Amino acid sequence: MDPFEVRYRDALADANVRGGLLPFQRAWRDTRDAQIAALERLMGRSFDDLRAELAEVKARVFADWPHFLDTFSERAEAAGSTVVRVATPQEANEYVAGVCREAGADVVVKGKSMVSEEIRLNDHLESLGIAAVETDLGEWLLQLAGEHPSHLVMPAIHKRREQIAELLTRVLGREFPPDDITRMVRSVRTELRDRFLTASVGLSGANALIAESGTVMLVCNEGNNRMSVAIPPIHVVTAGPEKLIPTFHDAMLQIRLLARSATGQPITTYTNFVTGPRPGAEQHILLIDNGRSQMAADPDFTSALGCIRCGACANVCPPYAVVGGHAFGHVYTGAIGLVNTPFHHSLEDDAGPQSLCVSCGACATVCPVEIPLPEQILQVRHKVAEELGLSWSRRLAFQALASRRLVASAARAAAVVTGPFRRDGVSDLPVPTRHTSWRTPPAIPLVPARTRIRHRPSYPVLGDTTVSGKRVLVFLQCLTDRLLPSAAIAAVGLLEAAGAEVVVPESQHCCGLPAYDSGDWRSARRMARATIEALEGVDDVVTPASSCVVAMTHEYRRLFRDDPGWAKRAQQLAERVKDLVDYLAGPARLPNGALDTGDRTPVTVHRFCQSQNTLGLRDEMESVLRDVCGVPVRPLPENGVCCGFGGSTSISAPEVAAGILERKLACVDQTEAPIMITNNPGCVIHLRGGAHASGRSVRIVQFAEYLGGRLERVTGIHP
Ligand code: SF4
């Protein structure tokens, strides 16, 4: 396999990848959501409830793995199978080769098996003169093209029909029009039929290994799997032992969630249960560890073993839509590939791909086994930083970021240098680079928010709210303080208008999220400790920066889990910190119409992805805009999908951030709204810069900033 940098460049250069994957992701989302909703109605239970049950089943298996392994082996052997456990890919490959040699097989027909990809079985068999013939349509086409799968379920999803027609025309020596898919499929079927009939070994993977009966469960849509199992006299199963599931009843739950999550079908076309070999035939079940025991022993990653390989995490992954699976993963693509690659292959193999993750959290919302993928990916990123090293420039940058004084001096200097280019919230620099040609950098004001807040007039109370008289601390956030001061000033004003007594401590600085996100947890801890100290001693801590709320409520727990003293203080902060949007929509909500200036210019709203995926916020912004401001809100297609800011990904993989940004801005175009409102400061800077660089006229405004503008007009007070 090519190094990551080559795969990344190739993927960006292939217009077919992006051209095909984005429509696929959108279509999948619609069908999957409809099917999950239908399942919820059918079962009278929520998706979250059902997936929690499946996660619990899998957790039970890993808590007593040897027992389930033994039970499965005993029952399968009692049914006539041979069960073999091996530790390494080499042992697995040699075992399969031995079976083939003994049978005198020179052709093996293969149903879809990602584990066989993992161990590079085809290469091994080919080196011994044994032809391994893929029989899954997509896999076979990729084999002809000399490629590997780019998706767990739809291996050739990165290819367009024109490419397939061209490939078949070349290989089969007759013309295939790209629009005649039926003809292409029929021809492939005819080609493969012969192989099934002549092969003496058939190989499959396993979707589940049912312990109570020693049964192999196989699901597929093409019927090739069962032909690989049922026609050749020898059936070899290659599977990871994590596919164990206690009972048929549990397997039914997996089936219900698997097909809907994988392809948006209520059930796959074929579901086969194979218990032992046919009379006169052989069945070998090869259970391959290859790092799985290590995963089971690491409490941070055990749950990832529960993966049922549905591919849903790739189907909602914005970077995946830009670069596809080949750049994104080693063998297992999408979010799960970033998590399990270090165990099945090496941390070095994951060093490049993990940098693609934008931490939007979408994968965790659709995973049918409730795997905390975003946390695990950040854990992998931390390992990469610790064991393989972070670049000196990043280490230096985070050390500098930790110093409030240094940041203040640097911001002042940058404000002076970029002053002549400052206009409409951006710094329109004359020399675009790889990092700025698609996103104009933000304007850097000379005076930060914290200084302006000290010298501004207060606002009158506009209504009776439940925060009346409460001491509320505003955490400005480093970006907002230096780059979006009007949002920070507006946040303070809005809370005053809701009757709160607002405090803005001078000692506050950066919460540490940029360092945490990049894997530099030492710097992150230092900044987190300073932040916790600065924010103690008040009832509520409110911030316009949703990403910092996520850091304080979710990430600090992990940063301090080995430090009980700080863990306790972090927990106390987590209980008090609130997102400004949530606060203004809830306890600090102003009366309906309080910010109605009569301006009815329509707006559209982008919800910061983590607000939705991690904090569980929904239409709070829309509701305040409609009811408190009286402004029409136009629905934004793909509202909760990440805008591509993605912290460190913007720096390490700017083309990915740019691709996701363009997807978002194209959705904004569809609304024809002249203003887009969003909450997280990072998104504002990113989207504003992207809109400017692409020549769009839409104004990107931070939520508090927008409300603050109306507050000024309503009260006549201009800070
Ligand atoms: S991690 Fe979850 S969403 Fe991703 S493939 Fe596995 S089961 Fe599906």
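The values are calculated or read from the model by the stated rules, or taken from the named source; none is laboratory data. This one's a predicted model, so the numbers in the text were calculated from it and none came from an experiment. All Cβ positions, glycine included, derive from the backbone under ideal geometry; neighbour counts span all protein chains shown. These area figures cover heavy atoms from the full protein model, side chains too; ligands, DNA and RNA do not enter into them. Shrake-Rupley method; radii C 1.70, N 1.55, O 1.52, S 1.80 Å.
Between region 43-91 and region 218-250, the alpha-carbon centres lie 14 Å apart.
Alpha carbon centre of region 523-538 versus region 627-705: separation in Å? Region 523-538 and region 627-705 have Cα centres spaced 30 Å from each other. Excluding same-chain neighbours fewer than eight residues apart, the lysines reachable from K159 by a Cα-Cα span under 20 Å are K112. Close amide-amide hydrogen proximity is noted between A498 and L462, each under 5 Å apart and 5 or more residues distant or on a separate chain (H modeled in the peptide plane; Pro and chain starts excluded).
Its Cα centre serving as origin, region 208-290 has a Cβ charge dipole (Lys and Arg +1, Asp and Glu -1) of approximately 240 debye. Helix 654-671 and the longest principal axis of the C-alpha atoms of the chain enclose an angle of approximately 70°. Would you please classify the overall shape of region 591-719 from the alpha carbon gyration tensor, given that a ≥ b ≥ c denote the square roots of the eigenvalues, rounded means a/c under 1.5, and beyond that prolate means a/b larger than b/c while oblate covers the rest? Prolate shape, in that a/c is at least 1.5 and a/b is the bigger ratio. With helices as the sole contributors, the chain gives -15000 deg cm²/dmol at 222 nm; each DSSP H run of n ≥ 4 counts as -39500 (n - 2.57), and the sum is divided by every residue.
Positive end of the dipole of region 650-719 (Cβ unit charges, origin at the Cα centre): among V656, P674, H692, the Cα lying farthest that way belongs to P674. Couplings 3J(HN,Hα) of region 86-98, computed from phi: 10, 8, 10, x, 4, 4, 5, 4, 5, 4, 4, 4, x Hz, in residue order, whole Hz [Karplus 6.51 cos²θ - 1.76 cosθ + 1.60, θ = phi - 60°; x for Gly and Pro]. Close amide H contacts of A545 (hydrogens built in the peptide plane, cut-off under 5 Å, sequence separation of 5 or more or a different chain): L580.
Separation of region 289-327 from region 394-451 is 37 Å, based on Cα centroids. Quick note on region 505-579: its Rg to Rh ratio, both from C-alpha atoms and Rh being the Kirkwood radius, is 0.92. Residues E5, E139, sorted by accessible area with the largest first, give E5, E139 [1.4 Å probe; ligands and nucleic acids excluded].
Relative to its residue count, region 352-434 spans a Cα convex hull of 172 Å³ per residue.
Roughly what % antiparallel, to the nearest 5, for the DSSP beta bridges in region 120-253? Counting DSSP beta bridges with both partners in region 120-253, the antiparallel share is about 35 percent.
Compactness of region 110-184 is given as radius of gyration and Dmax, 13.1, 39 Å, from Cα positions. For region 507-647, the share of alpha carbon pairs falling in successive 5 Å distance bins from zero is 2, 10, 17, 19, 17, 14, 10, 7, 4, 1, 0 percent. Applying both filters, DSSP loop and at most 16 other Cβ atoms within 10 Å, to the GluC sites (Glu not before Pro) of region 180-239 gives E212. Semi-axes of the equivalent ellipsoid of region 142-214 are 29, 17, 11 Å, computed as sqrt(5λ) over the eigenvalues of the C-alpha gyration tensor in descending order. Computed with every protein chain present, the accessible area of D48 is close to 90 Å² [probe 1.4 Å].
Within the chain, antiparallel bridges make up roughly 20 percent of the DSSP beta bridges whose residues both belong there. With Cα atoms as the point set, the chain shows a radius of gyration and Dmax of 27.9, 90 Å.
Estimated at the nearest 10 Å², the accessible area of S652 is 50 Å² with a 1.4 Å probe. Taking 30 Å as the straight-line reach from the Cα of K568, the lysines in range (excluding those fewer than 8 positions away in the same chain) are K383, K470, K578.
Which whole-number percent of Cα pairs in region 389-478 have a distance greater than 21 Å? Above the 21 Å cut-off, region 389-478 has 56 percent of its Cα pairs. Take the Cα radius of gyration of region 55-127 and divide it by 2.2 N^0.38 Å, N being the number of residues; the result is 1.34. Computed over the Cα atoms of region 253-398, the ratio of the radius of gyration to the Kirkwood radius (Rg/Rh) comes to 1.05.
For region 516-615, trypsin sites (Lys or Arg not before Pro) meeting the loop criterion (DSSP other than H, G, I, E, B) and having at most 13 other Cβ atoms within 10 Å: R561, R600.
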